[in-house]
1. State all residues of the range 60-109 that are surrounded by fewer than 20 Cβ atoms within 10 Å (Cβ to Cβ), in a loop (DSSP other than H, G, I, E, B) and in contact with a helix residue (DSSP H, G or I) (Cβ under 7 Å, 6 or more places away or on another chain); if no residue qualifies, say none.
2. Scan 160, 143, 120 and give me the residue that is closer than 30 Å to residue 91 by Cα, at pLDDT below 95, in contact with a helix residue (DSSP H, G or I) (Cβ under 8 Å, 6 or more places away or on another chain) and surrounded by fewer than 22 Cβ atoms within 10 Å (Cβ to Cβ).
3. If I go through the range 348-369 residue by residue, how many of them are under 22 Å from the mean Cα position of the chain (by Cα) and in contact (Cβ under 8 Å) with a residue 24 or more places away in the chain?
4. If only one of 129, 159 is on the phi > 0 side of the Ramachandran plot and without any contact (Cβ under 8 Å) to a residue 40 or more places away in the chain, which one is it?
5. Tell me yes or no: at least one residue of the range 235-247 is within 16 Å of the chain's Cα centre (by Cα), crowded, with 16+ Cβ neighbours inside 10 Å and either at pLDDT 95 or above or not in a helix (DSSP H, G or I) (or both).
6. Residue 354: closer than 30 Å to residue 66 by Cα and modelled with pLDDT of 95 or more, yes or no?
7. Give the number of residues within the range 62-76 that are in contact (Cβ under 8 Å) with a residue 40 or more places away in the chain and out of contact with any strand residue (DSSP E or B) (no Cβ under 6 Å at 6 or more places or on another chain).
């Protein structure tokens, strides 16, 4: 832009005039952008589509998204929305793999959806020299206690496409897998993570993996690890706690729990110099987008919320470094489970698996996986009674 203007105006226009022209052009173009696109334009932040739905991904990319994510539950939801796009392919896979179990068929489908999404994002990946344009595929939730099995699956998944990233849950075993997978050259995305202690453990594990590679002279330039904090699911858990324990809370306060934890994790990551980026997920309100806009992070937003944000009048500005209202933070700290989630070592790794938000999410992922297998089973062995 600057070079074009300089050529057009040569030396007859002062630098200040050129600066004003550039500013006017930028402001005009910004006014034409959707709120979502503005939020990735005003700072070095990424937005990813929280689905591997091809239609949703196309919409997201058109509004500035540069990545995507998937897991068996997301695949199940895609099938519920877009079965007409996948029904024939599922039948083909069953024919192509005559000895395969429903588990094998399901994972073949999961992998194919991820690879198709990777293809849509490949131009972004190439344009940014691998810094953006990745899609995440998730390891089998049933392996959440087995570090070696998760690492092995992560290594295999990473070879599906050049721009493939692999999600591993931030369980006690997952922390071990993050180090080993990183050491083995896998771009990891920590999932099933809701708390600052989990995020710190992930950051430390990835650093160990990176340093082992560096010590052996192995390349790390292609590694762009991220750690998810499922901000809305922390809110959800504290609301369950409030309901179970019959605690009256100021309306709206619990909607800030995930935001507060995310901001604190960002502060600690900067302080410790972790090379992992933080990623927000599990959206419940515009706070989970508007209050954590800032550089060097990722927001993974479901298509429903992308459209709501793009139709909103919420001001788009950098807010990541803006502290949560002290009164809100004080009330949140009256919940022991928030304190455990907020303090950097409030949870020990052996407590990660049984923390309320973790247990609820693992159970949900496992149930969703079982339902996906049931969908595949119905193709393989149609119910003769219907």
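1. Correct list: 64, 97.
2. 120
3. Qualifying residue count for the region: 15.
4. 129
5. No; the residues of the range 235-247 include none that is within 16 Å of the chain's Cα centre (by Cα), crowded, with 16+ Cβ neighbours inside 10 Å and either at pLDDT 95 or above or not in a helix (DSSP H, G or I) (or both).
6. Taking the combined requirement at face value, the residue does not satisfy it.
7. Count: 5.
Condition check ((1) in contact with a strand residue (DSSP E or B) (Cβ under 9 Å, 6 or more places away or on another chain); (2) at pLDDT below 95; (3) under 24 Å from residue 236 (Cα atoms); (4) exposed (fewer than 14 other Cβ atoms within 10 Å of the Cβ)) across all residues:
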| position | (1), (2), (3), (4) |
| --- | --- |
| 313 | no, yes, no, yes |
| 330 | no, no, yes, yes |
| 339 | no, no, yes, yes |
| 346 | no, no, yes, no |
| 350 | no, no, yes, yes |
| 363 | no, no, yes, yes |
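The values are calculated or read from the model by the stated rules, or taken from the named source; none is laboratory data. Given the structure is predicted, the values throughout are model-derived calculations rather than measurements. Counting neighbours? That spans all protein chains shown, and the Cβs are built from the backbone with ideal geometry, glycine included.
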